[in-house]
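Colleague: One structure, as structure tokens, below. Some questions next.
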Amino acid sequence: GAVVSQHPSRVICKSGTSVKIECRSLDFQATTMFWYRQFPKQSLMLMATSNEGSKATYEQGVEKDKFLINHASLTLSTLTVTSAHPEDSSFYICSARWLAGGPLFFGPGTRLTVL
Amino acid sequence: SQELEQSPQSLIVQEGKNLTINCTSSKTLYGLYWYKQKYGEGLIFLMMLQKGGEEKSHEKITAKLDEKKQQSSLHITASQPSHAGIYLCGADDSGGSNYKLTFGKGTLLTVNP
């Protein structure tokens, strides 16, 4: 159990376009999912907390109009990078908690490259 | 917010050798999590520690949390090439409500055959 999937695994897009990344909990329901971003040779930076049925909570310095999060069901959260620019190129990873008080389980990540 | 310092930043060992990775916090840790990551992939959960003095083992990996709950160590016995990767410690940043995790910068482990 506790499998989290992401789609796509890799995406290359042109500057100015929008990209949607999906995060799914495959065998459990997740009222809360977390979106992280990772630059090469750096740690994970929490971007936002995705809450099912309500607005996401963004970390300081993260533009909510730039990174749109939708958590429409208990098994799906989406992150849309709007009007992407080369500086948005990064590795995006989502996570969810299977059990209250338990660890976070992470998806395999999405490598975004903006040309 | 929580700041986690990991040491060393990178480590190269010969297969069969033991090694230790450390994770130190500036604040009391309500929950400490160890993960392993291969480059360009997601994180694999290893162990979770919550009580002062707690120690857990899985196969050849042992993790400990000190009594003061501000430092954790990950010890690998008789390392193998399959142990290679980036080891990350993460801490509950919410005062114990198990909400979101903050991560250290990671330790890159290379195991030479």
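Colleague: Please report, in whole Å³, the volume per residue of the convex hull around the C-alpha atoms of the protein assembly as shown.
Modeller: 117 Å³
Colleague: May I have the extent of the alpha carbons of the stretch B:28-113 along their three principal axes, as whole Å values ordered from largest to smallest?
Modeller: Ordered largest first, the stretch B:28-113 gives principal extents of 41, 27, 17 Å.
Colleague: So what is the relative contact order for chain A, in percent, with contacts set as C-alpha pairs under 8 Å and at least six apart?
Modeller: 36 percent
Colleague: If you don't mind, another one. Please compute the contact order of chain B in relative form: average sequence separation of alpha-carbon pairs under 8 Å and at least six residues apart, divided by the residue count, as a percent.
Modeller: 36 percent
Colleague: Can you classify the stretch A:1-55 as rounded, prolate or oblate using the Cα gyration tensor, where a ≥ b ≥ c are the square roots of its eigenvalues, rounded means a/c under 1.5, and otherwise it's prolate if a/b beats b/c and oblate if not?
Modeller: Prolate, since a/c reaches 1.5 and a/b exceeds b/c.
Colleague: Could you give the length gained by full extension between A:Val3 and A:Glu59, i.e. 0.36 nm per residue of separation minus their alpha carbon distance, to one decimal place?
Modeller: Here the segment from A:Val3 to A:Glu59 would lengthen by 17.7 nm.
Colleague: Here is a follow-up. Calculate one ³J(HN,Hα) per residue across the stretch A:41-46 by plugging θ = phi - 60° into the Karplus curve 6.51 cos²θ - 1.76 cosθ + 1.60, and present them in order as whole Hz with x for glycine and proline.
Modeller: Couplings: 6, 10, 7, 7, 10, 5 Hz.
Colleague: Taking just the C-alpha trace of chain A, give me its Rg and Dmax in Å.
Modeller: Using the Cα atoms of chain A, the pair Rg, Dmax is 13.3, 41 Å.
Colleague: Tabulate in residue order the Karplus-calculated ³J(HN,Hα) for the stretch B:101-113, using 6.51 cos²θ - 1.76 cosθ + 1.60 with θ = phi - 60°, rounded to whole Hz; enter x for Gly and Pro.
Modeller: In residue order, the calculated couplings are 10, 10, 10, x, 7, x, 10, 8, 9, 10, 10, 8, x Hz.
Colleague: Test of understanding: extend the Cα→C-beta vector of A:Glu52 to 7 Å, then name every residue of the stretch A:7-31 with backbone N under 15 Å from that spot.
Modeller: Backbone N within reach: A:23-31.
Colleague: Could you pull out every one of the aspartates and glutamates with an alpha carbon less than 14 Å from that of B:Lys105, ignoring same-chain neighbours closer than 8 positions?
Modeller: Correct list for B:Lys105: B:Glu3, B:Glu5.
Colleague: Let me ask another. Based on the Cβ-Cβ distance of B:Glu5 and B:Ser82, what FRET efficiency does E = 1/(1 + (r/R0)^6) give at R0 = 30 Å, to the nearest 0.05?
Modeller: Numbers: r = 27 Å, r/R0 = 0.89.
Between B:Glu5 and B:Ser82 the formula returns 0.65.
Colleague: For A:Gln42, list long-range residues whose amide hydrogen, built 1.01 Å from N in the peptide plane, is under 5 Å from its own amide hydrogen.
Modeller: Counting only residues 5 or more places away or on other chains, the set is empty.
Just so you know, all these numbers are worked out from the coordinates, no wet-lab data involved. Here the structure is a predicted model, which means the values were calculated and not measured. Cβ: placed from backbone, ideal geometry, glycine included. Neighbour counts: every protein chain shown.
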